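These notes concern the structure reproduced below.
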Amino acid sequence: MNDTPVKKIWKSIGTPVLSIVGFAILGQLIEGSTNQYVQLVCLGALANIIFAISLNLVNGFTGQFSIGHAGFMAVGAYVSGYLSTEVVKVPGLFDFFWFAIAGGLVAAAAGYVVGLPSLRLRGDYLAIVTLGFGEIIRVILINTPAVGGARGMGNIPRPVQVEIGEYALTPWYLYFLVAGFFVAISFIVLWRLTHSTHGRAFLSVREDEIAAQAMGIDTTKVKVRAFVISSFFCGISGAVFAHANQYLNPSTFTFTKSVDAIVMVVLGGLGSLTGSVVAAVGITFLMELGLRQVTEMIGIDLRMVIYPLILIFFMILRPQGIFGTKELPDLWRRR
Amino acid sequence: MSDFSQEFIQHLINGISLGSIYALIALGYTMVYGILQLINFAHSEVYMIGAFAAYYAVKLTSTVLGVTLVPGFLTLVFLIVVAMIVCSVLGLTIERLAYRPLRKAPKLNILITAIGVSLLLQNAGQLLFGADPKFFPNVMEDSTLATFGVAELRLFDVVVLGVGVFFMTALTWMIQNTKTGKAMRAVSSNATVASLMGINVNYIIGITFVIGSSLAGVGAILVGMKYPKIEPLMGALIGLKAFVAAVLGGIGSLTGAVLGGVIMGLCEEMVVAYLSSTYRDAFAFGLLILILIFRPAGLLGKASQEKV
């Protein structure tokens, strides 16, 4: 392969650049054609995409089972929210990138703390530890006045409006770009990771832990690695969520939030990144735009009646989810 | 005696009485885990349904039959029987519809299903019963039996402890001395070999669910008697704590579940009394994580090596 330098560079950054251009166009289309509520839901969908694919790395590719990922999301959300309200008073557009990355890093550190001791445990014990960890984070947040305690944290900013001549880039559009950037980066990093040697190690742990050990894979290390990477992206999804909603409350990050992501991952297919993306977007829109009115009418979170039914039926009738371990491109690839 | 030690005795009484409730519920978790290696998340919702069954039983007897139940020992027995029947039917149904089709599926799938069933019952409960808390009927009149200075021994604590000990003893006797109990132990140690010896494994699993669920029903009545406020989400937290108790004692071991339940009840009472009440719920999980790190098999559990 004798690629010219230009071709080489394009090979490595082509996809990210193209996807960000794609998000820029998509953002313009959404802003031009929909109302503010739908725009808000779109940002939420982007946060959910990152949330779901990050959970898929642990639950789908590595075969572990975390039911407390809302905890990591909360860490990322609160770090980014705190930085943007208390530390940097009037954040510029580029500040939002490092806010999210800081949120991700703190979440990753939390993931390491939880993962290192508990990943020696077998599947269902791990599940219960992650659940406990998520609850502990929530109790700590409720008891921390610096981040608003049980009242929550409000007035989380979005980027300031930029005006180019008579044309204005709204705060929503700018943050849509930031969120789109992180969706693209998360997806591409996870995609390339799962298709690399390290990704094979994750898969081997999922398929047969003992066989993986026999082939010389340090399964504990691999599991911790998957957990830390996953919680990093989960933290980023939290940051996106924080600036999308502009308000945070500890009661958002309950077990229910973790179940959100589990449903998306299970529905899309454990071990299919594109499946998670499709499921995340689909479920977000279905729940927010379709069921919100019904829910408000009867006053009960109908979502939580439908989610469990989806989970049970899928587990019994189609345990591999819609996509199984296939990815979207596999559908039109020749066998 | 000083005030401090009298107060301490009071907390001891409260803790043991709370602990025996945890123990009853923990037994259900531990039995199912011993046989299916499944954390039956729906167990806490079975418990919740038990409380509502008693609530509606009292309502129905007074509206349909026109009999007003007088608070007393007979009412307690009646409600316990009702809750046990409703809970066993529910437990059996869950096993039949949700878990049996997945008997041969990977463990993760069954776990996800269990979470699904739990959430479904919680939210179906909110739809059916309404989300607002209801008052549990008056089962018995409470009275003080004995006082030690500030500390007092109340009738409820004695009844809770007595009923708890009765059912735990009955269960232990059943497991150790009857044919069904023997079959349960056999299935728990190796289901395949047990089926080769002519044991109907599905039947035994069904029996396990019936027993575990009816104990949750008993627990529901005892809790309802002591803390008379019931709501569809009441199971989640107490179920989780009972589960922690089961893990603490060593999941799969009956004595362990009882021991874990009592330790859990005592610890929680002491944390609230002497440390801080806001961290009460975080404490249970902190305890769980510590145990799993230092003694993953629990206090009385046996560490098992996974075989190839």
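The values are calculated or read from the model by the stated rules, or taken from the named source; none is laboratory data. The structure displayed is predicted, hence computed values, not measured ones. Glycine also receives a Cβ, built like all others from the backbone with ideal geometry; neighbour counts cover every protein chain displayed.
So, in the stretch A:1-23, how many residues would count as being in a helix (DSSP H, G or I) and polar (S, T, N, Q)? Give the derivation first.
So in the stretch A:1-23, the residues in a helix (DSSP H, G or I) come out as A:5-23.
Now drop any that are not polar (S, T, N, Q), which leaves A:12, A:15, A:19.
Adding up the residues that qualify gives 3.
Sort out which residues of the stretch A:218-231 are touching a Leu at 6+ places or on another chain (Cβ under 7 Å) and buried (at least 24 other Cβ atoms within 10 Å of the Cβ), and write them in order of number. Residues satisfying the conditions are A:223, A:226, A:227, A:230.
Does residue B:161 satisfy the criteria of being surrounded by 17 or more Cβ atoms within 10 Å (Cβ to Cβ) and away from chain A (no Cβ under 14 Å)? Walk me through how you get there before you give the answer.
Details: surrounded by 17 or more Cβ atoms within 10 Å (Cβ to Cβ): yes; away from chain A (no Cβ under 14 Å): yes.
Taking the combined requirement at face value, the residue satisfies it.
Okay, residues lined up against (1) at pLDDT 85 or above; (2) over 20 Å from residue B:233 (Cβ atoms); (3) among the hydroxyl-bearing types (Ser, Thr, Tyr):
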residue	(1), (2), (3)
A:253	yes, no, no
A:272	yes, yes, yes
A:276	yes, yes, yes
A:286	no, yes, no
A:290	no, yes, no
A:303	no, no, no
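So if I check each of A:23, A:51, which one is surrounded by 24 or more Cβ atoms within 10 Å (Cβ to Cβ) and in contact (Cβ under 8 Å) with a residue 60 or more places away in the chain? Reasoning before the result, please.
Numbers: A:23 fails: surrounded by 24 or more Cβ atoms within 10 Å (Cβ to Cβ).
Unique residue meeting the criteria: A:51.
In the stretch B:99-125, the residues that are within 7 Å of chain A (Cβ to nearest Cβ) form no Cβ pair under 6 Å with any partner that is assigned to a helix (DSSP H, G or I) and basic (Lys, Arg), whether six or more places apart or across chains.
So residue B:92 fits all but one of (1) in a helix (DSSP H, G or I); (2) under 23 Å from residue B:223 (Cβ atoms); (3) within 14 Å of chain A (Cβ to nearest Cβ); what number is the exception? Among (1) in a helix (DSSP H, G or I); (2) under 23 Å from residue B:223 (Cβ atoms); (3) within 14 Å of chain A (Cβ to nearest Cβ), residue B:92 violates only (3). Taking the conditions exactly as written (within 24 Å of residue A:327 (Cα to Cα) and of a type in the set (A, V, I, L, M)), does residue A:188 satisfy them or not? Judged against the criteria, residue A:188 is a match. For the stretch A:207-214, does any single residue satisfy the condition of being crowded, with 16+ Cβ neighbours inside 10 Å, touching a Ser or Thr at 6+ places or on another chain (Cβ under 7 Å) and part of a helix (DSSP H, G or I)? Yes: the stretch A:207-214 contains one or more residues that are crowded, with 16+ Cβ neighbours inside 10 Å, touching a Ser or Thr at 6+ places or on another chain (Cβ under 7 Å) and part of a helix (DSSP H, G or I).
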